[in-house]
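Right, one structure below, let's go through it.
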Amino acid sequence: MATDYDAPRKNEEELSEDSLEELKTRRTDKQSASVDEDEAEAADSFELPGADLSGEELLVRVLPAQADEFTCASCFLVRHRSQIAREKNGLVYCKECEG
């Protein structure tokens, strides 16, 4: 938000003159600006423009781990053997998790 540095500012006397009720009103006005919304309800009503994906099925072909791959014991991603940082107690860790 931009600040107008040329606008007249309140001095200490004017600041102390603000009533307690006025300050409470300002605070409740700021708080009432937020809207409580149920995320699940909002997601249900959201639709992608021009796409009806209700009848779609995702088909993914899952391959077993290859001989030159390993699964990191920290991030559980399948990595190439060249990404091995260390092996401890039979568990293998990738360079990103150890870095």
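Readers should treat all values here as calculations from the given coordinates under stated rules, not as data from a laboratory. Everything numeric in this text was worked out from a predicted model, so none of it was measured. Here the Cβ is made from the backbone with ideal geometry for all residues, glycine too, and neighbour counts use every protein chain on show.
Relative protection proxy for 21-27, 81-87, 58-64, from highest mean packing down: 81-87, 21-27, 58-64 (other beta-carbon atoms within 10 angstrom). Amide hydrogen proximity for Val92: with H placed 1.01 Å from N in the peptide plane, the residues at 5 or more positions away or on another chain lying under 5 Å are Ala73. For region 53-86, GluC sites (Glu not before Pro) meeting the loop criterion (DSSP other than H, G, I, E, B) and having at most 10 other Cβ atoms within 10 Å: Glu56, Glu57. For region 88-99, backbone phi angles converted through the Karplus equation (6.51, -1.76, 1.60; θ = phi - 60°) give residue-by-residue couplings of 9, 6, x, 9, 10, 10, 7, 5, 5, 6, 8, x Hz, Gly and Pro being listed as x. Compute the length gained on full extension between Asp68 and Leu91: take 0.36 nm times their separation in residues and subtract their Cα-Cα distance, giving the result in nm to one decimal. Full extension from Asp68 to Leu91 adds 6.7 nm. Extension gain, Leu23-Leu77: 0.36 nm per intervening residue step, less the Cα-Cα distance, totals 14.1 nm.
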